[in-house]
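Some notes on the structure that comes next.
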Amino acid sequence: LAVRLLWVALEPLTFPVADETMWIAWGSQTLPSPEVAFSPLRLRFVFHPPLYLYFVGVPVALFDTLEAVKYAQCLVGALLVPALGLLGRRAFGERASLVAAGAAAFYPELVWFTSHFWAETVFTVLLWWAMERLVAADDESSARTALASGLLWGAAVLTRETVLYFLPVAALWLAWRRKGGARRAAWLLAAAALVVVPWTVRNWHVFDAFVPV
């Protein structure tokens, strides 16, 4: 967290490029505007998933500055460290855990992303925590942990839609691994659907078309 905060404070002046301009315009201007007022039903937004848009819009609405988004990304980005540390320990032991956590903490591109307006910081954290909870659900034979993984996976899908297509693979892996795995896989899929399907319904309502994410 300290490394990320220091980077945000000391980075030389930059200007938004490519998708950054889109996220800033929609997140800090359109989304909080009186015409939309954060309502998904009044938001004409369909070409990207919505979660990062709201991640940008809420801090701007609360603090009236885009700098607030950067510091929020520092906090969220630091959460990748325990996710990879725990997953590394489950898979390969304590040394691998420390290497994985250290890579997450100090890898330059991961630090760089926290000061820029791309969905990668939020997406990476959600996806790897979903993975960590998936492996934990298998290790502990826990339906509750599978449910948590599904919720996190659904949130990751609403940040980067392509990971939706890997959800059935994760469910099959969980179902195949141990006795009772099919029940845990069902919880995983149900929880992910609980997060994703409302946005699918919104897309149908607003655009009169089946757009899953």
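Derivation of every value follows stated rules applied to the coordinates shown; laboratory data play no part. All values derive from a computational prediction rather than experimental measurement. As a convention, Cβ positions derive from the backbone with ideal geometry for all residues, glycine included, and neighbour counts pool all protein chains shown.
Between 18, 97, 77, the Cα set farthest toward the positive side of the dipole of the chain (charges on each charged residue's Cβ, about the Cα centre) is that of 97. Annotation for region 4-88: GluC sites (Glu not before Pro) lying in DSSP loop with at most 12 further Cβ atoms inside 10 Å of their Cβ are 35. Counting only whole DSSP H helices of the chain, the ones at least 27 Å long by C-alpha along their axis and with mean Kyte-Doolittle hydropathy no lower than 0.0 are 120-140, 181-207.
Peptide packing for 185-194, 89-98 was compared via the average number of neighbouring C-beta atoms within 10 Å per residue; ordered from the highest value, the list is 185-194, 89-98.
Going by a ≥ b ≥ c, the root eigenvalues of the Cα gyration tensor, does the chain fall in the rounded group (a/c under 1.5), the prolate group (a/b larger than b/c) or the oblate group?
Working: a/c = 2.69, a/b = 1.19, b/c = 2.26.
Verdict is oblate for the chain.
For the chain, the Cβ-based charge dipole about the Cα centre amounts to some 900 debye (Lys, Arg positive; Asp, Glu negative; other atoms uncharged).
If you average the C-alpha positions of region 1-62 and of region 162-178 separately, how far apart do those two centres end up, in angstrom? Going from one Cα centre to the other spans 31 Å.
With a Förster radius of 35 Å, plug the Cβ-Cβ distance of residue 44 and residue 95 into 1/(1 + (r/R0)^6) and report the FRET value to the nearest 0.05. Calculated value: 0.10. Is the C-alpha gyration tensor of region 100-159 telling us rounded, prolate or oblate? Criteria: a/c under 1.5 is rounded; beyond that, a/b larger than b/c is prolate, otherwise oblate. Note, shape of region 100-159 comes out oblate. Projecting the Cα atoms of 65, 88, 7 onto the charge dipole of region 1-103 (Cβ charges, centred on the Cα centre) puts 88 farthest toward the positive pole. With R₀ fixed at 22 Å, the C-beta to C-beta distance from residue 166 to residue 207 puts the FRET efficiency at about 0.30.
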